[in-house]
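J.: Once you've had a glance at the structure underneath, I'll fire off some questions.
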Amino acid sequence: MPTPGFSLSTNTNTTDYGASYTLFSTDDAPLTGTVFTDMDEHLVLVDGTFERRSMVIVRFLGLHAHGDPLGNPRVRARFIPGEPGRGAAAAMCLGEPGRLHLDLGHPLGTVDSDLRELVTDTVIEITAEFLTDERAARHRHHSADARRQDAANALAEIDVVQQRGYRQLAAARAEADASWALVQTLRQQN
């Protein structure tokens with residue numbers, strides 16, 4: 001199915017790993033509005049292990065079809081590695097083949113099927129661009145580095161708690177030894 005034209009908006013504030021696009025209507029695809037995109041991650045089961053994979057969040061602002069307002073829907077496009085499967089959009093993410101699962105937000109789940117397909121195809125086209133450029137790699141690195149930093153901070157906190165525990169144990173042992181010495185002294189006096 002055809003998709004509307006879209007151009008990268010350089011004047012719109014976006015996130016570090018996102019972008020903004022302006023949709024313009026064509027004869028075959030009458031959608032207009034602004035699209036804000038951003039990277040995120042989700043967990044997926046790969047060979048029995050949960051792993052993180054990229055996800056693109058697509059937020060429409062002022063979406064119109066045939067001039068009629070559709071509001072500001074939000075779509076999550078989750079990359080799932082493996083074979084595309086029947087009815088799924090084939091995709092590549094950082095060289096890994098897979099498919100996209102789209103979670104259409106309100107009101108897209110209730111619009112007519114042709115319009116839903118038009119929005120879906122537009123999301124797939126924008127998402128495919130995202131998953132194959134350096135934003136996906138930079139976002140994955142940023143997220144992994146943030147998890148590494150969180151783990152290092154948690155380990156440092158555990159170390160502080162452990163050191164405090166060692167000091168408390170040493171103080172408790174000293175107190176127990178001193179009290180036992182007092183017991184021994186009192187026994188010798190009696």
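The values are calculated or read from the model by the stated rules, or taken from the named source; none is laboratory data. This one's a predicted model, so the numbers in the text were calculated from it and none came from an experiment. Reconstructed Cβ throughout: ideal geometry from the backbone, glycine too, with neighbour counts over all protein chains shown. Side chains are part of the model used for accessible areas, which takes the heavy atoms of the whole protein and leaves out ligands, DNA and RNA. Shrake-Rupley method; radii C 1.70, N 1.55, O 1.52, S 1.80 Å.
J.: Please indicate, with yes or no, whether at least one residue in the range 18-25 is surrounded by 15 or more Cβ atoms within 10 Å (Cβ to Cβ) and either without any contact (Cβ under 8 Å) to a residue 12 or more places away in the chain or within 15 Å of Leu118 (Cβ to Cβ) (or both).
T.: yes
J.: Restricting attention to the range 60-104, which residues are outside any strand (DSSP E or B) and closer than 20 Å to Ala29 by Cα?
T.: Matches in the range 60-104: His66, Gly67, Asn72, Pro73.
J.: Would it be correct to say that Ile80 is open to solvent by less than 30 Å² (accessible area, probe 1.4 Å) and touching a Lys or Arg at 6+ places or on another chain (Cβ under 7 Å)?
T.: Working: open to solvent by less than 30 Å² (accessible area, probe 1.4 Å): yes; touching a Lys or Arg at 6+ places or on another chain (Cβ under 7 Å): yes.
In short, yes.
J.: With respect to Asp28, determine if the residue is open to solvent by 40 Å² or more (accessible area, probe 1.4 Å), closer than 26 Å to Leu8 by Cβ and part of a loop (DSSP other than H, G, I, E, B).
T.: In short, yes.
J.: Now for a separate question. Being crowded, with 17+ Cβ neighbours inside 10 Å and within 19 Å of Glu117 (Cα to Cα): is that true of Val44 here? Quick ask: steps written out before the conclusion?
T.: Working: crowded, with 17+ Cβ neighbours inside 10 Å: yes; within 19 Å of Glu117 (Cα to Cα): no.
Considered against the rule, which asks whether it is crowded, with 17+ Cβ neighbours inside 10 Å and within 19 Å of Glu117 (Cα to Cα), Val44 comes out as no.
J.: Within the range 106-128, can you find the residues that are under 17 Å from Ser54 (Cα atoms) and either of a type outside the set (D, E, K, R) or open to solvent by less than 60 Å² (accessible area, probe 1.4 Å) (or both)?
T.: The initial filter retains those residues of the range 106-128 that are under 17 Å from Ser54 (Cα atoms), namely 123-128.
Of everything in the range 106-128, those that are under 17 Å from Ser54 (Cα atoms) and either of a type outside the set (D, E, K, R) or open to solvent by less than 60 Å² (accessible area, probe 1.4 Å) (or both) turn out to be Val123, Ile124, Ile126, Thr127, Ala128.
J.: Then there's this: Somewhere in the range 97-105, is a residue within 15 Å of Thr3 (Cβ to Cβ), out of contact with any Lys or Arg (no Cβ under 6 Å at 6 or more places or on another chain), hydrophobic (A, V, I, L, M, F, W, C) and open to solvent by 30 Å² or more (accessible area, probe 1.4 Å)?
T.: Yes, because at least one residue in the range 97-105 is within 15 Å of Thr3 (Cβ to Cβ), out of contact with any Lys or Arg (no Cβ under 6 Å at 6 or more places or on another chain), hydrophobic (A, V, I, L, M, F, W, C) and open to solvent by 30 Å² or more (accessible area, probe 1.4 Å).
J.: Specify which of the listed residues (Ala151, Ala172) is farther than 30 Å from Thr22 by Cα and under 36 Å from the mean Cα position of the chain (by Cα). Spell out how you get there, then give the answer.
T.: Numbers: Ala172 fails: under 36 Å from the mean Cα position of the chain (by Cα).
Matching residue, one of Ala151, Ala172: Ala151.
J.: I'd like the full set of residues that are open to solvent by less than 90 Å² (accessible area, probe 1.4 Å) and hydroxyl-bearing (Ser, Thr, Tyr), limited to the range 156-186.
T.: Ser179, Thr185
J.: If you don't mind, there's one more thing I want to ask. What are the pairs, 6+ residues apart or on separate chains, where a residue within the range 67-85 that is within 9 Å of Pro97 (Cα to Cα) has its Cβ under 7 Å from a residue that is open to solvent by 40 Å² or more (accessible area, probe 1.4 Å) and of a type outside the set (S, T, N, Q)?
T.: Going by the 7 Å Cβ cut-off, the qualifying pairs are Ile80/Arg99; Ile80/His101; Pro81/Glu96; Pro84/Ala90; Pro84/Arg99.
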